[in-house]
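The values are calculated or read from the model by the stated rules, or taken from the named source; none is laboratory data. These figures come from a predicted structure and were not determined experimentally. Neighbour counts are summed over all protein chains in view; Cβ atoms, including those assigned to glycine, are modelled from backbone coordinates with ideal geometry.
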Amino acid sequence: KAGVTQTPRYLIKTRGQQVTLSCSPISGHRSVSWYQQTPGQGLQFLFEYFSETQRNKGNFPGRFSGRQFSNSRSEMNVSTLELGDSALYLCASSLGQGDGIFFGSGTQLSVL
Amino acid sequence: QKEVEQNSGPLSVPEGAIASLNCTYSDRGSQSFFWYRQYSGKSPELIMSIYSNGDKEDGRFTAQLNKASQYVSLLIRDSQPSDSATYLCAVWGSSNTGKLIFGQGTTLQVKP
């Protein structure tokens, strides 16, 4: 069974630009979550989607948004990039709330 | 008070010893608990889940849960240098908060 697939693996952007990250969950998993990981803050929850609906959102500004498609694939968008957005962005999928989540390899975003 | 707390370490143990990693959580209604292992430069990997009070063993790993004390632990027996990694404790919040909350992680170093 294929794992969670994230693309791209690395991204370099400049301040003010926007970026879109993509995630394909494990087959059969309908819940997709996004996390930001930085050395100082650890793993911070961004949002969670289930059946194309955002069920929960973390404490991030509105520049961070996402969506989920009918095939459970998900995208995350960050607009007007800031230097502080440099981080590892991790997508994870699960069968549902209360279950363990399985991470993809992540997208390492660098904002210059 | 942080929702999930771990000692950041590093925790250093000699090869062959037992490593004990601890975690406390604040939401008394939490029902699902997980341990993830993260190697440097990699994404977190789910290694243990526990839902009921008591011990759960899987190979060299034992997870322990005490809901009354709001305490979760992970024991690694016969520690190997390959166990050197950061271990993240994760807890699903109660009332369908919809997010898996992670601790900051404990760095384990196993010395040959």
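Listed by position, the strands (runs of 3 or more DSSP E) inside region A:1-71 whose residues that are closer than 27 Å to B:GLU3 by Cα and in contact with a Ser or Thr (Cβ under 9 Å, 6 or more places away or on another chain) number at least 1 are A:31-38, A:42-50, A:53-57, A:64-68. Checking each residue in region B:11-29 for being over 16 Å from the mean Cα position of the chain (by Cα), closer than 25 Å to B:TRP92 by Cβ and surrounded by 13 or more Cβ atoms within 10 Å (Cβ to Cβ) picks out only B:ASP27.
Residues considered: B:PHE61, B:PHE34. Of these, the only one that is without any contact (Cβ under 8 Å) to a residue 40 or more places away in the chain and among the hydrophobic types (A, V, I, L, M, F, W, C) is B:PHE61.
The residues of region B:61-102 that are closer than 15 Å to B:GLN38 by Cα, hydroxyl-bearing (Ser, Thr, Tyr) and within 16 Å of the chain's Cα centre (by Cα), listed by number, are B:SER84, B:THR86, B:TYR87. Only residues that are loosely packed, with under 13 Cβ neighbours inside 10 Å and closer than 30 Å to B:SER52 by Cβ were counted across region A:59-97, and they come to 1. Considering the conditions (1) at pLDDT below 95; (2) more than 8 Å from every other protein chain (Cβ to nearest Cβ); (3) more than 11 Å from the chain's Cα centre (by Cα), A:GLN97 is excluded by exactly one of them, (2).
Does region A:30-41 contain at least one residue that is at pLDDT 95 or above and basic (Lys, Arg)? No, region A:30-41 contains no residue that is at pLDDT 95 or above and basic (Lys, Arg).
Considering only residues that are small (Gly, Ala, Ser), touching a residue at least 12 places away in the same chain (Cβ under 8 Å) and within 9 Å of chain B (Cβ to nearest Cβ), which ones fall in region A:32-57? Walk me through it before giving the result.
Here is the first cut: in region A:32-57, the ones small (Gly, Ala, Ser) are A:33, A:40, A:42, A:51.
Now narrow it down to the ones that are touching a residue at least 12 places away in the same chain (Cβ under 8 Å): A:33, A:51.
A:SER33 - this is the single residue of region A:32-57 that is small (Gly, Ala, Ser), touching a residue at least 12 places away in the same chain (Cβ under 8 Å) and within 9 Å of chain B (Cβ to nearest Cβ).
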